1. Please state the charge dipole magnitude for segment 58-115, taken about the Cα centre, from unit charges on C-beta atoms (+1 on K and R, -1 on D and E), reported in debye and rounded to the nearest 20.
2. How much of the accessible area of the chain, probe 1.4 Å, is carbon plus sulfur, in whole percent?
3. Taking the Cα centre of the chain as the origin, how large is its charge dipole in debye, to the nearest 20, when only Lys and Arg (+1) and Asp and Glu (-1) carry charge on their Cβ atoms?
4. Given the Cα-Cα distance of residue 3 and residue 25 and 0.36 nm per residue of separation, how much length would full extension add, in nm?
5. Note the count of lysine pairs whose C-alpha atoms are less than 19 angstrom apart in the chain, limited to pairs 8 or more residues apart or on different chains.
6. Would you work out which of 31, 80, 16 lies farthest towards the positive end of the dipole of the chain, given +1 charges on the beta-carbon of Lys and Arg and -1 on that of Asp and Glu, about the Cα centre?
7. Please tell me the relative contact order of the chain in percent, rounded to the nearest whole number, where contacts are Cα pairs under 8 Å and at least six residues apart.
8. Ordering 27, 67 by how much accessible area each has at a 1.4 Å probe, largest first, what is the list?
Amino acid sequence: QVQLVESGGGLVQPGGSLRLSCTASGFTFSMYTMSWYRQAPGKQRELVAVINREGSTNYADSVKGRFTISRDNAKNTVLLQMDSLKPEDTAVYYCKAGGSSRIYWGQGTQVTVSS
């Protein structure tokens, strides 16, 4: 059974940091490109960061220099370190695994940036 379980969300003040974690099971994690998406109320889901099998990364312009995606294939985990958080980063954050023919999504974790 495939599972992607996100954790680490919560309430943080502007300028603060959070680290999201996504732990995978049920598929060969190392063979998949892993991504973080987010969806704010009333908005479409958008790509935040992606890391491929080789460890190359890409980021949305809105988070470049503030967010860092990483993966640990030994632990089947992908992380999103979020620094210098802004109120506009408030959203539900989703983990996604993309393979050659399959896509899996996590259930999401809420991140709220507010004073």
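The values are calculated or read from the model by the stated rules, or taken from the named source; none is laboratory data. No experiment lies behind these values; they were computed from the predicted model shown. When we count neighbours, we look across all protein chains shown, and the Cβ atoms used for this are built from the backbone with ideal geometry, even at glycine. In case anyone asks, the SASA skips ligands and DNA or RNA and just uses the protein heavy atoms, side chains included. Shrake-Rupley method; radii C 1.70, N 1.55, O 1.52, S 1.80 Å.
1. The dipole magnitude comes to about 220 debye.
2. 45
3. Charge dipole, the chain, about its Cα centre: 160 debye, nearest 20.
4. On the way: separation 22, 0.36 × 22 = 7.92 nm, distance 0.52 nm.
Contour length minus Cα-Cα distance gives 7.4 nm.
5. Pairs that pass both the separation and distance tests number 4.
6. 31
7. Once divided by the residue count of the chain, the mean separation gives 36 percent.
8. Putting 27, 67 in descending order of accessible area: 27, 67.
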